[in-house]
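Structure record follows, encoded as structure tokens.
The values are calculated or read from the model by the stated rules, or taken from the named source; none is laboratory data. Every value quoted in this text rests on a predicted model; they were computed, and no experiment measured them. Virtual Cβ from ideal backbone geometry, glycine too; neighbours counted across all protein chains shown. Heads up: the accessible areas ignore ligands, DNA and RNA and are worked out on the full protein's heavy atoms, side chains in. Shrake-Rupley method; radii C 1.70, N 1.55, O 1.52, S 1.80 Å.
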Amino acid sequence: MKLYLKAGACSLAPHVVLEEAGLAYDTQAVDLRTRQMDGGGDFTQINAKGYIPALRLDDGELLTEVPAILQYLADLVPQKKLAPPNGSRARYRLQEWLTFIGTELHKSFIPFFFPGASDEWKKFGRANLERRLAWTNGQLAGRAYLLGEEFSVADAYLFTVLSWTKFIPLDLGQWPNLAAYQQRVAARPAVQAALKAEGLA
Ligand SMILES: N[C@@H](CCC(=O)N[C@@H](CS)C(=O)NCC(=O)O)C(=O)O
């Protein structure tokens, strides 16, 4: 498999999961301003959507969208318990988290990475993030990870978006459960391996 990524972007989530899963893979960096790949080549010829992450599967198909890629990878290695079994109630809880992280958290960061975003848009994004992170902080009370005691692919995604709070900046210290969670996930060897590979450790 090959993961198309940009260091520190949302592609870090599948990168962490590839490491957690112990699967064989390589990576291809993409410059999101020019849509050129490291070493040359137009990324839009690979993924017409133009954004990362994208995962080239071993049979040649291309899979996109963070929640789909994360669940695909988890299902390749069920013994690693990176996602609850398909069809179980817990699997829907995982999907609930992936949707929340993708649509309510991830997308609220857009104005902070978009040159020329208005102050009003940034204010709206910040207020959204503050409300939703406060709620997430409450959900983590007494839990090591989002689904309980087991790390899941949702944690790889939440960890990734939390890493962007430093750019806004938004102090995670105001939400002690989230701050402790960030440290806990960061300490996992697979997370360190992915961060190191992206030049971020
Ligand atoms: N819906 C997509 C969103 C992916 C996304 O937002 N990717 C960002 C980086 S974190 C990107 O490539 N942005 C460049 C662009 O949209 O042109 C997913 O879940 O994979």
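Measuring from the lowest to the highest alpha carbon on each principal axis, how far does the chain reach, largest first, in angstroms?
Principal axes ranked by extent give 46, 43, 31 Å for the Cα atoms.
If we sort 32-45, 163-176, 15-28 on the protection proxy, mean other Cβ atoms within 10 Å, highest first, what's the order? Mind dumping the intermediate values first?
Details: 32-45: 12.2, 163-176: 14.6, 15-28: 18.9.
Highest mean packing first, the order is 15-28, 163-176, 32-45.
Accessible area of the stretch 54-187 with a 1.4 Å probe: how many percent of it is carbon plus sulfur? Intermediate results must be reported in sequence, preceding the final value.
Numbers: 3660 of 6820 Å².
Percent of accessible area from carbon and sulfur atoms in the stretch 54-187: 54.
Tabulate in residue order the Karplus-calculated ³J(HN,Hα) for the stretch 9-16, using 6.51 cos²θ - 1.76 cosθ + 1.60 with θ = phi - 60°, rounded to whole Hz; enter x for Gly and Pro.
7, 5, 5, 4, 4, x, 5, 4
Quick check on the stretch 1-116: take the gyration tensor over C-alpha atoms, sort the square-rooted eigenvalues as a ≥ b ≥ c, and tell me if it's rounded (a/c under 1.5), prolate or oblate. Spell out each step's value before the answer.
Values: a/c = 2.28, a/b = 1.31, b/c = 1.74.
Because a/c hits 1.5 or more and a/b fails to exceed b/c, the stretch 1-116 counts as oblate.
Could you order peptides 143-153, 59-69 by the average number of other Cβ atoms within 10 Å of their residues, highest first? List each step's numbers first, then the result.
Working: 143-153: 18.3, 59-69: 14.3.
Descending mean neighbour count gives 143-153, 59-69.
Quick one: compute the contact order of the stretch 1-158, relative version, from alpha carbon pairs under 8 angstrom and 6+ residues apart, as a percent.
22
Would you mind checking which residues have amide H under 5 Å from residue 28's amide H? H placed 1.01 Å from N; only 5 or more apart, or other chain.
3, 4, 5
Leaving out same-chain residues fewer than 8 places away, which lysines sit with a Cα under 21 Å from that of residue 80?
Within reach: 2.
With every protein chain kept in place and ligands, DNA and RNA left out, what is the accessible area per residue of the stretch 89-188? Probe 1.4 Å, answer in Å².
Numbers: 5060 Å² over 100 residues.
On a per-residue basis, 51 Å².
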